[in-house]
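Working notes for the structure below.
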Amino acid sequence: MFDAIIQCQLPDLFDDGVDSVLDLLQGEVGASGISVPVAVPPMAYLRRSRTDAPRVARSRGGLYFHADDGRYSQTRLRPITADWLKGRDPLDQAAERCRSRGLALWLEVSTTLTGRVATRYPEAATKSVYDDRSPIRLCPVNPDVAEWLRALVADVSQRFSPTALILSDLHTGRRESGVCDVSNGLAGGGGAAELLAICFCESCRQVAARAGVDTEAAARAVRTHLDEALAGPARLDKRLGLFVESLDGPPFLREYLDAQRAAVEHVLHEAVRACAVPLILHRYSDEIWPVRTGGLPSASGLVQMRDVDLEAATTELSRGAADCIRLELSDCARLQPPALVRTLTESAERGVRSVELIHYGTATRADLHIAKQAIRFARRSA
Ligand SMILES: [Zn+2]
């Protein structure tokens, strides 16, 4: 069986009516389930399907459900509820409707970007080599963040009993993993943005030092090359992996990144243990220092592909690191309708078990029609 999951933002589901959205996705498009982000980064998007709700959907992010406060009594970070929710708790209703229709329900938790948490708890945020704290991203290596995440995963998975829980935004060694809000002005090439994103917070320095890494030397290597790239005209176009390999002298930076990744993997293991349902780790197909799920029972991988580049994801799939793929539906469908059909069909032939298409709110009726064809062909090939 090839599962097709369509992501729905909770406000869209309720503005358009849970039952009519589910009728459309299950009955007409042929989806086997929906995914719903519930610990959500800030976002804004244009609603492209016909809707009586506001055309531009905006949210400062936060939790899209009322947390069970008792579960966070021991955590220093406390849940922050999305302001649009007010007194309602629509997630219960969505979960109940999915159950009664036999639809799968994946709930998604952002590990590091959930709205406003990093602003409220700046000491738990990532910190660049220049000591600049991110206003948007938490460092997962920070023990307070890890503890909050465990409580959150247990809360969501036990109370709403989803089919699976997706853990996203748990990345190391990529520009998205750090202070990306300032890297737009960075003229130093792609590698410079990745260096700027490496976290040098107290927790990261501590885990590296405990692993015997010379953290000062690692920070110096990053700072020296960033200073040069910022001063120009030299550009740092090498991606992080190649850059690390090209450094002269002892491999301080590689050891630092390895120690950081090991700490993040420990956080992932703890989250898996706290999760009452199968856990799916989201990753990008072009990650350089990917967090590994290897050996974890009841954890699998979800690869987000850029465009419809099947080859890029195939390596992950063949290594057994992932068996689901995520695609931006409106991009794929609008740019290359036959490519979406081909990608899903070939993915199913290669053993991919499920696809997650994002997302209902930005898809047109035409996009959904192409999705329907692609899902039908993929199921025949599975
Ligand atoms: Zn850190």
TODO: Count, please, the residues in segment 129-142 that happen to be over 17 Å from the mean Cα position of the chain (by Cα) and either over 17 Å from ARG261 (Cα atoms) or more than 10 Å from the ligand (Cβ to nearest atom) (or both).
DONE: 7
- [ ] Kindly list the number of the only condition in (1) touching a strand residue (DSSP E or B) at 6+ places or on another chain (Cβ under 7 Å); (2) over 29 Å from PRO11 (Cβ atoms); (3) in contact (Cβ under 8 Å) with a residue 60 or more places away in the chain that fails for ARG376.
- [x] (1)
Task: Candidate set from segment 148-169 (those that are part of a helix (DSSP H, G or I) and within 15 Å of the ligand (Cβ to nearest atom)); member that is surrounded by the most Cβ atoms within 10 Å (Cβ to Cβ) - done: LEU149
Task: Residue in segment 100-110 that is more than 16 Å from the ligand (Cβ to nearest atom), touching a helix residue (DSSP H, G or I) at 6+ places or on another chain (Cβ under 9 Å) and in a helix (DSSP H, G or I) present - done: yes
- [ ] Test TYR121 against the stated conditions and say whether it is at pLDDT 95 or above, within 16 Å of the ligand (Cβ to nearest atom), over 20 Å from the mean Cα position of the chain (by Cα) and not hydrophobic (A, V, I, L, M, F, W, C).
- [x] yes
Task: Any hit, segment 91-110, residues being over 20 Å from ILE5 (Cα atoms) and out of contact with any Leu (no Cβ under 6 Å at 6 or more places or on another chain) - done: no
TODO: Only helices (runs of 4 or more DSSP H) wholly contained in segment 324-382 count here; list those with 1 or more residues that are in contact with a Gly (Cβ under 9 Å, 6 or more places away or on another chain).
DONE: 365-381
Task: Output for segment 111-132, where each listed residue is crowded, with 17+ Cβ neighbours inside 10 Å and either among the hydroxyl-bearing types (Ser, Thr, Tyr) or more than 20 Å from ALA82 (Cβ to Cβ) (or both) - done: THR111, THR112, THR114, TYR121, THR126, LYS127, SER128, VAL129
TODO: Can you run down the residue pairs with Cβ atoms below 7 Å, 6 or more apart or on separate chains, where the first is in segment 196-210 and among the small types (Gly, Ala, Ser) and the partner is near the ligand (Cβ under 10 Å from one of its atoms)?
DONE: ALA197/SER177; ALA197/GLY178; SER203/CYS139; SER203/VAL141; SER203/ASN142; ALA208/GLN260
TODO: Within segment 65-78, identify whether any single residue is at positive phi and buried (at least 19 other Cβ atoms within 10 Å of the Cβ), and answer yes or no.
DONE: no
Task: strands (runs of 3 or more DSSP E) within segment 2-93 that include 1 or more residues basic (Lys, Arg) and touching a residue at least 12 places away in the same chain (Cβ under 8 Å) - done: 56-59
Task: segment 186-211 - residue that is at pLDDT 85 or above and assigned to a loop (DSSP other than H, G, I, E, B) and, of those, farthest from LEU226 (Cα to Cα) - done: ALA211
Task: In segment 133-144, the residues that are surrounded by fewer than 22 Cβ atoms within 10 Å (Cβ to Cβ) and closer than 17 Å to THR215 by Cα - done: none
Open item on the list: When you check PRO54 against the structure, is it within 16 Å of the ligand (Cβ to nearest atom) and at pLDDT below 95, yes or no?
Closed with: no
Task: Residue identified as small (Gly, Ala, Ser) and surrounded by 14 or more Cβ atoms within 10 Å (Cβ to Cβ) among ALA4, ALA44 - done: ALA4
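The values are calculated or read from the model by the stated rules, or taken from the named source; none is laboratory data. Bear in mind the structure is a predicted one, so any value in this text is a computation, not a measurement. Here the Cβ is made from the backbone with ideal geometry for all residues, glycine too, and neighbour counts use every protein chain on show.
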